[in-house]
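> Handing you this structure, nothing more for now.
Each value in this text was obtained by applying a stated rule to the coordinates, not by laboratory testing. Keep in mind the model is a prediction, meaning the values are calculated, not measured. So basically every Cβ, Gly included, is an ideal-geometry build from the backbone, and we count neighbours across all protein chains shown.
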Amino acid sequence: MFQDISEKLLTHYVDGAWQAPLTSQMAPVTNPTDESELGRVVLAGRDDVDRAVEAARAGLARFRHSTKQERLELLQRIGEVAEGRLEDLAVVISCEIGAPITMAREQQAAAGLSHLRGFMRALEAQPEREDLPGGDLLIREPVGVSALITPWNWPINQISLKMLAVIATGGACVLKPSEVAPISATIWMEIMDDAGVPAGVVNMIHGDGAAGGELAAHRDVDMVSFTGSTRAGREVMTTAAHDLRRVALELGGKSPNLVFADCGDALEARVRHAVAECFLNTGQSCDAPTRLLVEDSIHDRVVEIAAEAARETRVDDPAKPGDHLGPLVSEAQFTRVQRLIEAGIEEGARPVAGGPGRPEGIERGWWVRPTVFADVTPEMALAREEIFGPVLSIMRFDSEEDAIALANDTPYGLAAYIQTGDPARAERLAARLRAGAIHVNGKSMDEGAPFGGVKQSGFGREGGRAGLETFQEIKTYHAQWDTP
Ligand code: NAD
């Protein structure tokens with residue numbers, strides 16, 4: 001498999017074929033576990049972007065006339081082919097981003113199928129045409145050619161949320177996956193090809209931020225759907241503003257997790273789960289609950305439980321089955337996480353588990369120590385910056401009002417988590433927390449639930465019905481046949 005894939009990393013998937021690049025720049029793809037080279041990936045230039053967008057426009061011209069039934073059948077075939085490639089996806093995700101294989105199988109690779117089911121259900125239920133009360137007609141159409149720009153941290157999750165919605169709505173797209181995780185994206189495109197997605201409907205160019213910038217600025221792109229850092233999201237939006245191009249942004253987060261004394265006997269289990277959720281994917285999830293806000297009366301107990309849970313968290317080889325953590329994805333991430341851990345110590349936060357440096361006995365690879373800080377205060381970098389590593393910051397509050405103010409004191413608004421035994425309190429808080437998703441007592445999202453944020457976490461929703469609407473335009477039709 002790897003031989004075949006390494007060759008494809010040096011091509012772009014355009015107009016239903018693996019095409020030689022028109023420019024020759026390349027970048028290494030590394031294994032974060034030991035810094036070894038997995039292969040090399042080509043970086044698209046402007047000519048490659050032009051060729052891919054042109055193919056998408058031609059693909060759109062044909063595919064926009066497909067019927068809903070044809071698209072449902074195509075999605076069904078994609079599901080069948082993807083099912084047979086799940087293990088390949090899991091293995092390469094594990095190699096290219098260092099995700100432990102069990103988690104890569106059960107969560108990273110499996111995410112694509114889960115989103116597929118959500119979209120199929122939503123598409124079946126969504127009328128293509130609706131009669132409006134006065135007799136006019138509402139018609140749903142694809143938005144056109146979309147540029148899909150995705151990050152490395154949940155590579156198949158992000159790609160599938162965008163590309164399956166494009167297919168479901170009869171649109172066309174050019175994907176530019178992360179240059180850090182191009183192998184899983186290449187397998188994903190093999191799945192599209194094997195499932196018989198018509199030529200030109202889905203195209204992929206490999207490339208870095210510069211290629212992403214070219215794609216986002218392309219005059220023949222109707223919409224840019226971007227997932228990644230708030231920094232790059234801002235650039236994408238600025239570029240798109242020039243031509244008033246439609247934009248959907250899924251950006252960073254700094255999600256709060258509010259823990260109340262009324263958890264009672266469930267407290268220990270809830271706090272352990274909170275630590276595990278923060279550390280999942282080695283802390284590299286945009287909606288990770290990284291700020292643990294704790295009611296005064298249980299503060300010391302919660303710090304003890306969280307510290308113990310972090311000390312018990314194992315880091316180990318991603319190729320081994322189990323629930324341990326792998327390394328961070330890259331040297332850049334490693335440097336950033338180390339800088340923020342050191343800033344936390346300098347600013348006076350109290351490390352109660354982990355700390356700077358690699359875990360004992362490890363000298364190569366981007367491994368970090370699962371870390372918990374207590375005594376974090378709102379102005380510290382630990383409380384404000386997205387760390388994107390297994391680092392939990394504990395802060396305290398003395399009332400519900402105080403908890404809400406602390407939780408909302410961030411430029412981000414992706415998710416918020418609540419641990420409480422009181423349903424009325426959970427509802428009250430949910431109404432006042434500024435976030436795209438509220439999770440109570442460890443409940444995750446159902447299949448097809450829309451995902452997205454508010455404030456600087458972006459806008460637009462992905463998944464299910466709202467995820468289809470992100471890639472649709474509404475046209476209204478007003479006709480009369482009697483002479484007025
Ligand atoms: P990144 O912004 O560096 O890169 C994301 C993608 O954008 C990559 O494909 C990259 O090549 C491209 N890119 C970079 N600069 C660009 C530019 N100026 N114009 C166009 N494209 C550009 O982010 P990353 O390091 O790959 O991913 C981590 C970030 O993604 C974190 O901030 C995380 O919170 C965020 N994220 C958000 C969500 C969400 O749904 N909200 C999901 C996953 C990750």
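> So what does the Cα-only Debye profile of the chain read at q = 0.10, 0.13 Å⁻¹, as log10 I(q)/I(0), no solvent term?
With one equal scatterer per Cα and no solvent, log10 I(q)/I(0) is -0.75, -1.21.
> Count the DSSP beta bridges whose two residues both fall in segment 2-251, then state the antiparallel fraction as a percent rounded to the nearest 5. Don't jump to the answer; show the numbers that get you there.
Numbers: 12 of 29 bridges.
Percentage antiparallel, nearest 5: 40.
> As a footprinting exposure proxy, order Ile93, Ile474 by other Cβ within 10 Å, with the fewest listed first.
Lowest to highest Cβ neighbour count: Ile474, Ile93.
> Going through the cross-link list Lys68/Lys176; Lys68/Lys162; Lys176/Lys475; Lys8/Lys68, which pairs have a Cα-Cα distance over 23 Å in this structure?
With Cα atoms farther than 23 Å apart: Lys68/Lys176; Lys176/Lys475; Lys8/Lys68.
> Something else about it: Sorted from largest to smallest, which semi-axis lengths in Å does the alpha carbon gyration tensor of segment 134-229 give for its equivalent ellipsoid, taking the root of 5 times each eigenvalue?
That gives 24, 16, 12 Å for the three semi-axes.
> Still on this model: List the residues, sorted by chain then number, that are 5 or more residues from Ala374 or on another chain and whose placed amide H is less than 5 Å from its amide H.
Counting only residues 5 or more places away or on other chains, the set is Arg350, Val352, Ile394.
> Can you tell me the FRET efficiency between Arg129 and Ala61 if r is taken as the Cβ-Cβ distance and R0 is 22 Å, rounded to the nearest 0.05?
About 0.55, to the nearest 0.05.
> From the C-alpha coordinates alone, can you work out the Kirkwood hydrodynamic radius of segment 224-369, in Å?
Evaluated on segment 224-369, it is 17.5 Å.
> Would you mind ranking Arg369, Arg57 by Cβ crowding within 10 Å, fewest neighbours first?
Least to most surrounded, the residues fall as Arg57, Arg369.
> Spin-label point model (7 Å from Cα, Cβ direction): what's the Ala449 to Glu385 distance in nm?
It works out to 3.1 nm between the two label points.
> So how do Cys95, Cys173, Cys263 line up by other beta-carbon neighbours within 10 Å, fewest first?
By the 10 Å Cβ count, ascending, the order reads Cys263, Cys95, Cys173.
> Further, regarding this structure: Tell me which residues come under 5 Å, amide H to amide H, from Gly39 once H is placed; ignore anything under 5 positions away on its chain.
When sequence neighbours closer than 5 places are left aside, the close amide H contacts are Val29.
> Give me the percent relative contact order of the chain, please, defined on Cα pairs under 8 angstrom at least 6 residues apart.
19 percent
> Something else about it: With runs of 4+ DSSP H residues as the only contributors, calculate the mean residue ellipticity of the chain at 222 nm using -39,500 (n - 2.57) per run, divided by the residue total and rounded to the nearest 500.
Details: 15 runs with 192 residues, N = 484.
The helix contribution divided over the chain gives -12500 deg cm²/dmol.
> A further question on this structure: What would the Debye equation give as log₁₀ I(q)/I(0) for segment 270-316 at q = 0.18, 0.29 Å⁻¹, counting only Cα atoms as equal point scatterers?
Each listed q corresponds, in turn, to -0.54, -1.13.
> Okay, moving on. Place the peptides 289-301, 308-320, 421-433 in order of packing, highest mean first, counting for every residue the other Cβ atoms within 10 Å and averaging per peptide.
Numbers: 289-301: 20.3, 308-320: 17.0, 421-433: 14.5.
Top of the packing list down: 289-301, 308-320, 421-433.
> Roughly how far apart, in whole Å, are the Cα centres of segment 256-324 and segment 170-233?
35 Å
> Something else: Output the relative contact order of segment 1-157, whole-number percent, from Cα pairs under 8 angstrom with separation of 6+ residues.
19 percent
> How high is the relative contact order of segment 177-238? Use alpha-carbon pairs under 8 Å, at least six apart in sequence, and give a whole percent. Don't skip to the answer; put the middle values down first.
Working: 23 pairs, mean separation 19.7, N = 62.
Value for segment 177-238: 32 percent.
> Using the Karplus curve 6.51 cos²θ - 1.76 cosθ + 1.60 with θ = phi - 60°, what ³J(HN,Hα) values do you get for each residue of segment 348-354, in whole Hz, with x for Gly and Pro?
Per-residue couplings from phi come out as x, 6, 10, x, 10, 7, x Hz.
> In Å and whole numbers, how far do the C-alpha atoms of segment 256-446 stretch along each principal axis, longest first?
50, 36, 30
> For segment 2-251, compute Rg over Rh where Rg is the Cα radius of gyration and Rh is the Kirkwood radius from the inverse mean 1/r over Cα pairs. Spell out each step's value before the answer.
On the way: Rg = 17.6 Å, Rh = 18.2 Å.
The Rg/Rh ratio comes out at 0.97.
> Output the Kirkwood hydrodynamic radius of segment 405-450, Cα pairs only, in Å rounded to one decimal. Walk me through the numbers on the way to the answer.
On the way: mean 1/r = 0.0884 Å⁻¹.
After inverting the mean inverse Cα-Cα distance, the result is 11.3 Å.
> What's the angle, to the nearest 10 degrees (0 to 90), between helix 46-63's Cα axis and the longest principal axis of the chain?
Once rounded, the angle reads 60 degrees.
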